[in-house]
1. Among residues belonging to region 74-95 that are assigned to a loop (DSSP other than H, G, I, E, B) and among the hydroxyl-bearing types (Ser, Thr, Tyr), point out the one that is least open to solvent (accessible area, probe 1.4 Å).
2. What number of residues within region 20-46 are touching a residue at least 60 places away in the same chain (Cβ under 8 Å), part of a loop (DSSP other than H, G, I, E, B) and open to solvent by 50 Å² or more (accessible area, probe 1.4 Å)?
3. Look through Val94, Val111, Val124 and report the one residue that is without any contact (Cβ under 8 Å) to a residue 40 or more places away in the chain and under 22 Å from Leu49 (Cα atoms).
4. Restricting attention to region 1-19, which residues are over 21 Å from Ser132 (Cα atoms) and either surrounded by fewer than 20 Cβ atoms within 10 Å (Cβ to Cβ) or at pLDDT below 95 (or both)?
5. Return the residues of region 130-150 that are farther than 20 Å from Thr70 by Cβ, out of contact with any Cys (no Cβ under 6 Å at 6 or more places or on another chain) and not charged (D, E, K, R); say none if nothing qualifies.
6. Of the residues Leu55, Leu49, only one is crowded, with 22+ Cβ neighbours inside 10 Å and under 25 Å from Phe23 (Cα atoms); which?
7. Taking region 150-179 as the search range and keeping residues that are in a loop (DSSP other than H, G, I, E, B) and in contact (Cβ under 8 Å) with a residue 60 or more places away in the chain, which one is nearest to Phe87 (Cα to Cα)?
8. Here are some residues: Val111, Val139. Which one is surrounded by fewer than 22 Cβ atoms within 10 Å (Cβ to Cβ), within 16 Å of the chain's Cα centre (by Cα) and farther than 28 Å from Phe34 by Cα?
Amino acid sequence: KSNGLAYYRPHAKQTKFHSLADFKYRYVRTGNRFGKSDMGAAEDCAFALGERPWLEKNDPMRFHGIPQRTTKGLIICTDWGKADEIFTSQSEGVDMGKIFKFLPRESVVKVEKNHSGNIDKIIVKSVHGGESTICLDTVAAFKQNDQRSESSDWDWIHVDEPIPKEMWTASARGLIDRNGKAWFTCTPLREPWIND
């Protein structure tokens with residue numbers, strides 16, 4: 001309960017996703033119940049922590065593709081309800097969000113909420129010293145203010161389910177300065193541009 005990521009056991013296709021972390025873009029395009037969000041959240045936490053704690057210390061994949069410094073990342077969800085349900089719920093038990101299910105408890109430095117009371121930022125201790133940041137944003141918020149995705153910089157972006165191309169374009173500009181990476185975990189029911 002205090003360090004769920006150490007007990008994450010990816011299946012073969014999830015392992016393949018993690019092993020391709022040196023690629024700038026990764027896209028897992030599957031139906032439901034594959035484990036996309038688990039896999040994506042595990043990678044989000046690994047990039048924030050600076051390592052994949054479910055692997056042995058001497059396994060080169062433990063650090064593969066992860067910047068060897070603190071990182072600033074973004075998870076994009078459909079709306080705040082889904083963000084809470086999938087990633088940020090702090091309820092105990094089966095309803096706990098994947099970020100808090102995976103992150104070692106002692107690594108969570110601070111949790112910030114937006115004006116609506118939704119968690120939109122988690123500060124995490126990195127194994128490299130200092131603190132990494134996991135930010136969250138939503139398609140629903142972007143549709144209310146399409147400028148909100150501009151002018152940020154990111155080491156990584158995780159797109160959980162399809163988003164509008166305009167939101168991706170605005171967010172992806174933030175990867176340039178940090179030579180960032182992105183992964184998409186989608187059941188592609190809409191936004192066919194992602195396949196390109």
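The values are calculated or read from the model by the stated rules, or taken from the named source; none is laboratory data. Since the structure is predicted, the reported quantities are computational estimates derived from the model, not experimental observations. Cβ atoms come from the backbone with ideal geometry, glycine included; neighbour counts cover every protein chain shown. Accessible surface areas use protein heavy atoms only, side chains included; no ligands, DNA or RNA. Shrake-Rupley method; radii C 1.70, N 1.55, O 1.52, S 1.80 Å.
1. Ser89
2. The qualifying residues number 3.
3. Val111
4. The answer is Lys1, Tyr7, Arg9, Pro10, His11, Ala12, Lys13, Thr15, Lys16, Ser19.
5. Val139, Ala140, Ala141, Phe142, Gln144, Asn145, Gln147, Ser149
6. Exactly one of Leu55, Leu49 is crowded, with 22+ Cβ neighbours inside 10 Å and under 25 Å from Phe23 (Cα atoms), namely Leu49.
7. Glu161
8. Only one candidate passes the filter, namely Val111.
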